[in-house]
Protein chains: 2
Amino acid sequence: MKSPVALIPQLAGHLIAAGGKRLRPVMTLAAAQLCNYNGDRHIGLAACVEFIHTATLLHDDVVDESDLRRGQASANAIWGNEASVLVGDFLFSRAFQLMTADGSLDVLRILSDASAVIAEGEVLQLMTANEPTTSEEAYLDVIRSKTATLFAAATQIGAVVADRPKAEEEALESYGMNLGIAFQLIDDVLDYSADQQALGKTVGDDFRDGKVTLPVILAYRRGDDAERDFWNRTIANQDQKDGDLDEAMRLMTAHETLSDTVERARHYGSIARDALGIFPNSEVKTVLIDLIDFVIRRAY
Amino acid sequence: MKSPVALIPQLAGHLIAAGGKRLRPVMTLAAAQLCNYNGDRHIGLAACVEFIHTATLLHDDVVDESDLRRGQASANAIWGNEASVLVGDFLFSRAFQLMTADGSLDVLRILSDASAVIAEGEVLQLMTANEPTTSEEAYLDVIRSKTATLFAAATQIGAVVADRPKAEEEALESYGMNLGIAFQLIDDVLDYSADQQALGKTVGDDFRDGKVTLPVILAYRRGDDAERDFWNRTIANQDQKDGDLDEAMRLMTAHETLSDTVERARHYGSIARDALGIFPNSEVKTVLIDLIDFVIRRAY
């Protein structure tokens, strides 16, 4: 994060000091360890993964006009959108500098591909926003792109740096991708959970922004005409009044769409678990499997 | 620019179809030719340079809240800031995908370094905005970072792709850096030139934004107390009224700061010209030297 331009370490440091789970870099470190990697390149590459993630968070908060991130004032709320856009660009460039210094074209390919797919996913989300008729498949495409791809890249490069056979690389990519899907599904459930406040977020942000996530998609599909009118008014037309969030949560509870979204997440979690089947048991394998449970348990 | 997400080619195509001089990619192509390069890698790399430039333009227009770019409605004015931020991220990622496919770690190092320096320069500019006491050196630091570094990288990679000795690489880097400084100085003069409208821009945009460029820095330093009060009110305090732009231009004319900024540009143009001295005469060398005159002549 070092730079002679003081605002850069200041702004980037604010976001990083605010905490966060650091899931993605941990996944790179654990994947490399699972592959019996003995060097130290995975540490710098884990930092690259977190820098790319941090850059997308900074830009996301500008796009979403968020005031809060990780329970603290968001960078754009403190320093303005301009600084968030530019420091995001800086961190993104820094990640590519670090990867270039590392020197693996395979890692560069995986993470530049992931970055392009993430940006595509974010644009796709922007274009499909406020559309309650969005299909489950289209929604999965978005979360695969915007979230799961970086999880997949994070674990895949653990195998690449350890120079492991293609099958292990693909197993770790699959683990990351499916864990990432589960993670985002649970994140979308949590947005409607009262426990949210413990994570420093506000309940119902997605609803107020008109974001169409799986709990809403299922409620729309399972609802009657009056209910669909409700979703069309609140989500598609963004015409919301007091009590609408409560009504939305009542409908999602009645149709069990929150618990069924958790069920869907368990499905992807199972795929992630099986993907690791080709690796012998070890302490770090247990950590990676526990991580699946951790990601899904957040929903309670 | 291809992507299954329709808005990406649409938005990127809008900006690219609007024209622009395509100076930077032309510089990569010409530099490679000057180095007697016979392959075709320089074409893809020239596209990378233009993509990085396009990404920074998209983000700049969000940061500056510009409505106009290359004489057309800016992308953020048509599709909103969100789309501009994300499509900029996409083009930036795409550039790194293309470079990775090309496979030169030297090129990756030069362009990832340049990207980080550009972002630093933009943040620096943000932090020093509205400060008429900015020194000429500090201003040069900003334009070196935000503009000249990409010019330097564009020509340098022409030598890298042709696998030329370090001296030629450095000569082309110096040519690009100094041409880039001259280019930005002239750009800053043009902002106060009536001919501006021909370029699809509005006269006095920098003044209204309170941007401190060399013509203002010199006018402040050469002005008396009353004049400095004027600059402090209009630039530092952003308190502007009708007739202020005319007064600013009158002061800059009285102190000859526009013509002296062109003189400064000629100085950097001369360094750029001499940097090419180690290359034998050729048609493409004449083109690169004519480019210096073209960049400076724009001011008339």
Next on the checklist: Based on alpha-carbon centroids, what's the gap between segment B:231-300 and segment B:129-167 in Å, whole number please?
Outcome noted: 16
Checklist entry - Relative to the longest principal axis of chain A, what angle (0 to 90°, nearest 10) does the C-alpha long axis of helix A:166-190 take? => result 30
Next on the checklist: Using a Cα-Cα cut-off of under 20 Å, which aspartates and glutamates could be cross-linked to A:K166, ignoring same-chain neighbours fewer than 8 residues away?
Outcome noted: A:D106, A:D113, A:D274
Checklist entry - Shielding of A:78-86 by partners, i.e. mean partner chain Cβ atoms within 10 Å per residue? => result 6
Checklist entry - Averaged across the residues of A:112-118, what count of C-beta atoms belonging to other chains lies within 10 Å of each residue's C-beta? => result 6
Checklist entry - What percent of all Cα-Cα pairs in segment B:85-159 falls in each 5 Å bin, counting up from 0? => result 3, 15, 21, 22, 16, 11, 7, 4, 1, 0
Item to check | Kirkwood-type radius of the protein assembly as shown, with distances r between different C-alpha atoms, in Å | outcome: 25.9
Checklist entry - Can you list, shortest first in nanometers, how far B:D224 lies from the same residue in the other copies, with each label 7 Å from Cα toward Cβ? => result 8.5
Next on the checklist: For A:A47, place a label point 7 Å from Cα along the Cα-to-Cβ direction in every copy; what are the distances to the other copies, in nm, shortest first?
Outcome noted: 3.3
Checklist entry - Could you state the per residue volume, in Å³, of the convex hull enclosing the Cα atoms of segment A:7-297? => result 123
Next on the checklist: With an 8 Å Cα cut-off and a minimum separation of 6 or more residues, compute the relative contact order for segment B:195-277 in percent.
Outcome noted: 31
Next on the checklist: How far, in nm to one decimal, is B:I78 from itself in the other copies if the label point is set 7 angstrom along Cα toward Cβ? Shortest first, please.
Outcome noted: 3.7
Next on the checklist: Report the gain in length on full extension from B:E247 to B:E136: 0.36 nm times residue separation, minus Cα-Cα distance, nm rounded to one decimal.
Outcome noted: 37.7 nm
Checklist entry - Given the options B:M252, B:M27, B:M177, which has the most mean-square fluctuation in a GNM of chain B, springs set between C-alpha atoms less than 10 angstrom apart? => result B:M252
Checklist outcome for this item: Per the 1/(1 + (r/R0)^6) rule, R0 = 45 Å and r from the Cβ atoms of A:K166 and A:Q10, FRET efficiency to 0.05 is 0.55
Next on the checklist: Just checking the output field for A:94-102: average partner chain Cβ neighbours within 10 Å of each residue's Cβ?
Outcome noted: 6
Checklist entry - Would you list B:T134, B:T28, B:T286, B:T149 from fewest to most Cβ contacts within 10 Å? => result B:T286, B:T134, B:T149, B:T28
Checklist entry - Mind checking which of B:A248, B:A95, B:A17 has the largest fluctuation in a GNM of chain B, springs on alpha carbons under 10 Å? => result B:A17
Item to check | Pairwise FRET efficiency - A:D229 versus B:I43, Cβ, R0 = 60 Å, nearest 0.05 | outcome: 0.65
Checklist entry - Whose amide H sits under 5 Å from the amide H of A:L68, counting only residues 5 or more places off or on another chain, with H placed in the peptide plane? => result A:S74
Item to check | Max mean-square fluctuation residue, GNM over chain A, Cα-Cα springs under 10 Å, options A:T202, A:T213, A:T155 | outcome: A:T202
Next on the checklist: If exposed means no more than 15 neighbouring beta carbons inside 10 Å and the site is in a DSSP loop, what's the longest run of chain B without any exposed trypsin sites (Lys or Arg not before Pro)?
Outcome noted: B:23-240
Checklist outcome for this item: Of the listed links A:K21/A:K146; A:K146/B:K2; B:K21/B:K211; B:K2/B:K146; B:K146/B:K241, those spanning more than 22 angstrom between alpha carbons are B:K21/B:K211; B:K2/B:K146; B:K146/B:K241
Item to check | Contact order normalised by residue count of chain B, Cα under 8 Å, 6+ apart, percent | outcome: 20
Checklist outcome for this item: Two pseudo-spin positions, 7 Å from Cα along C-beta at A:L68 and at A:F294, lie apart in nanometres by 2.4
Next on the checklist: For segment A:1-106, what are Rg and Dmax over the alpha carbons, in angstrom?
Outcome noted: 14.6, 44
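Bear in mind these aren't lab numbers, they're just calculated from the coordinates by the rules spelled out. Keep in mind that this is a model prediction, so the values were computed, not measured. Cβ: placed from backbone, ideal geometry, glycine included. Neighbour counts: every protein chain shown.
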